[in-house]
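Every number in this text was worked out from the coordinates using simple rules, so none of it is lab data. These figures come from a predicted structure and were not determined experimentally. For neighbour counting, all protein chains shown are included, and Cβ atoms are generated from backbone atoms with ideal geometry for every residue, glycine included.
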Amino acid sequence: MEIFAERALLPDGWAENVAVVLEGSRIASVTPGAAPAGLRVGCLVPGMANLHSHAFQRGFSGLTEARGPGRDSFWTWREMMYRFALTLDPEEAEAIAAMAQVEMLEAGYARVGEFHYLHHAPDGTAHADPAEMSARIFAAAEETGIALTHLPVFYAHGGFGPAPAVEGQRRFLHGRDAFLRLVEACDGMRREGDVVGYAPHSLRAASAEDLAVLAEALPDRPVHIHVAEQVKEVDDCLAFCGRRPVEYLMDMAEVGPRWCLIHATHLTAEEVSGIAASGAVAGLCPVTEANLGDGFFPAPDFLAQDGRFGIGTDSNVRISLAEELRVLEYGQRLIHRERNALAAEQGSTGEQLFLRALAGGAQATGADAPQIAPGAAADLAALEDPLGLDVTGPQMLDRWIFGRDLAVGELWAQGRHVVTGGRHRARDAVAARYAKVVNRVLAR
Ligand code: NGQ
Ligand code: ZN
């Protein structure tokens, strides 16, 4: 297929009137200054990887915003989340995942890192096929066309100590051997371009010994872990081992570029430097972190040390790439009472945030370098400006993230042209099935 972009973000900067030819899952050629031919788009940029999602949580988006009897927190939200998680059957989980993926593609994400821990049947026993729930995530990806980095989650304990898991966690649990078999089964489900990593859920759910055994058995894969999201988690870790979560993790594991530290909200200056120097990616989920009352990631210090970050939609309470980047920047503006707080150098804040999140997202999900260049994967998003204002490429990104009017019009994931005119090609069917499923779940 041939695309004609009025402007495109190429590896060495913006170019105009760019012809981009796709062949299968790859970009065959890129020609700036070309004559119009093929599908005309406004502003072509590489498709982003969403590095952290729990797809099933889309199913209760906006439905945990009523205050309970006491003071609500991350932990009271988690109780509600567990109640929802405990009822879903495989078909329902697939329907909800498909809805989330449709919205991700429409938001400009070409790939999702699915941090998947809803493994077993509602009663906690393994399905006849123990990899059934992972297969449902792959099936949703097959339907929606999103590129998948599947991250089966290792979850063995209920807290530091280790403390035993509670009833509400029964669908998440594995011994190490069964978990390794799950990873192997997932390897067999990959389509071209898909990646399988793994994810010890958190330092609460996986011990130092678990981490060491898994690292030995599963080298050379993306490794994701939730860490230091809540103050209580920091306090519990200190009580357990005298060290803070990130400090403890960096001491016991060889945290490097294959690692993605999800949230990493509560950090000392040493921990900020440690993550930045390790080359690991900080997996920031600003919208969910705001929704759950996590706190602020120390982004200015981290970015000043060339720390790498990517964006995740996590709870999927909202699925909007532009909003994630906006909330990330606005949090820092509010704290520091300044503007353009996260731009490392002069120039467009939107462009700088977008490019850094693009690189970090690809690194964390084990994807190819995201670039509009011959031979690269055809992960592409086109931003359309209905007003046709005469502005530069960086201004297009700024208007998309902070302003108004612009939206993702077209999206290709691994060459699959799944979003046209701002809508996913399967949106209607996926949304109708989703609504039916969620109504059924809410009626229980
Ligand atoms: C999760 N979500 O695994 O879905 C977690 C909550 C936990 C976020 N941290 C559960 N946002 O951390 O124990
Ligand atoms: Zn998470």
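Figure the gain on full extension for ALA369 and GLU345 (residue separation times 0.36 nm, minus the Cα-Cα span) and round it to one decimal in nm.
Value of the extension gain: 6.4 nm.
Could you state, as a whole-number percent, how many of the C-alpha pairs of the range 119-220 are farther apart than 20 Å? Mind showing how you got there, number by number?
On the way: 2049 of 5151 pairs.
Cα-Cα pairs in the range 119-220 separated by more than 20 Å: 40 percent.
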Per residue of the range 309-323, what does 6.51 cos²θ - 1.76 cosθ + 1.60 with θ = phi - 60° give for ³J(HN,Hα)? Whole Hz please, x for Gly and Pro, Karplus curve as stated.
9, x, 10, x, 8, 6, 6, 6, 4, 9, 10, 8, 5, 4, 5
Label ALA269 and ALA208 with points 7 Å out from Cα along Cα→Cβ: what is the distance between them in nm?
2.7 nm
Ordered by residue, what ³J(HN,Hα) values in Hz, to whole numbers, does the range 419-434 give under the Karplus form 6.51 cos²θ - 1.76 cosθ + 1.60, where θ = phi - 60° and Gly and Pro are x?
10, 10, x, x, 10, 5, 5, 10, 3, 4, 5, 5, 5, 5, 5, 4
Between helix 132-144 and the chain: long-axis angle, C-alpha atoms, 0 to 90°, nearest 10
10 degrees
Förster-model FRET efficiency, 41 Å R0, ALA37 and GLU91, C-beta, rounded to 0.05:
0.40
Sequence of THR288, THR87 once ranked by neighbouring C-beta atoms within 10 Å, starting from the fewest
THR87, THR288
Protection proxy (average C-beta count within 10 Å per residue), highest first, orders 397-405, 117-125 as 397-405, 117-125
Run the quick spin-label model on ASP306 and THR76: label points 7 Å from Cα toward the beta carbon, then report their separation in nm to one decimal.
4.5 nm
What's the angle, to the nearest 10 degrees (0 to 90), between helix 208-217's Cα axis and the longest principal axis of the chain?
50 degrees
How far is it, in nm, from the label point at ALA28 to the one at GLU2 when both lie 7 Å from their Cα along the line to the Cβ?
1.0 nm
Over the range 30-110, what relative contact order in percent results from Cα pairs under 8 Å that are six or more residues apart?
53 percent
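With a 10 Å radius around each residue's Cβ, average the other Cβ atoms per peptide and rank 338-348, 181-191, highest first.
Most protected by this proxy first, the peptides run 181-191, 338-348.
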Beyond 44 Å, how much of the Cα-Cα pair distribution for the chain remains, as a whole percent?
8 percent
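Which of the peptides 130-140, 90-100 is most tightly packed, and how do the rest follow, going by the mean number of other Cβ atoms within 10 Å of each residue?
Going from most to least packed, we get 90-100, 130-140.
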So how much slack lies between HIS127 and ASP235, counting 0.36 nm per residue of separation and subtracting their Cα-Cα distance, in nm?
35.2 nm
Which length gain, in nm to one decimal place, applies between GLU338 and GLU192 when the Cα-Cα distance is subtracted from 0.36 nm times their residue separation?
48.1 nm
